[in-house]
Amino acid sequence: MQEAIAWGQFDTWCRVNGRCALPASPETVAGWITALADGTDGGEPRARATISLYLSAITTAQRTAGFEFDRSNAVLAATWRGISRV
């Protein structure tokens with residue numbers, strides 16, 4: 001259930017922001033998790049644990065669709081460190 005919610009929010013965010021949900025670039029996912037963290041996605045700022053769950057759901061969706069997605073990508077890792085510091 002949480003995965004479907006995460007995917008729906010990510011897909012909507014991508015469409016609104018002119019981004020591609022599948023396959024998603026690390027920069028797109030980094031932008032989305034930043035929006036989740038600061039609430040600029042239209043919702044309240046999310047907790048780190050919630051963002052982690054959502055990121056896992058998006059990673060799974062990318063891989064299930066047959067796309068390679070490296071969650072340890074440098075852009076994502078730097079973004080995650082920034083979110084973790086706040």
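The values are calculated or read from the model by the stated rules, or taken from the named source; none is laboratory data. All values reported here derive from a predicted model rather than from experimental measurement. Cβ coordinates were reconstructed from backbone atoms using ideal geometry, including for glycine residues, and neighbour counts include every protein chain displayed. The area values use the complete protein model at the heavy-atom level, side chains included, leaving out ligands, DNA and RNA. Shrake-Rupley method; radii C 1.70, N 1.55, O 1.52, S 1.80 Å.
If you filter the stretch 59-78 down to residues that are under 14 Å from the mean Cα position of the chain (by Cα) and hydroxyl-bearing (Ser, Thr, Tyr), you find that the one that is most open to solvent (accessible area, probe 1.4 Å) is Ser72. Within the stretch 1-23, the residues that satisfy the criterion of being hydrophobic (A, V, I, L, M, F, W, C), surrounded by 14 or more Cβ atoms within 10 Å (Cβ to Cβ) and within 15 Å of Ser52 (Cα to Cα) are Ala6, Trp7, Phe10. When the stretch 6-53 is filtered for residues that are small (Gly, Ala, Ser) and touching an Asp or Glu at 6+ places or on another chain (Cβ under 6 Å), the ones remaining, listed by number, are Ala21, Ala35.
Restricted to the stretch 24-55, and to residues there that are in contact (Cβ under 8 Å) with a residue 12 or more places away in the chain, hydroxyl-bearing (Ser, Thr, Tyr) and farther than 16 Å from Ala78 by Cβ, the residue that is most open to solvent (accessible area, probe 1.4 Å) is Thr50.
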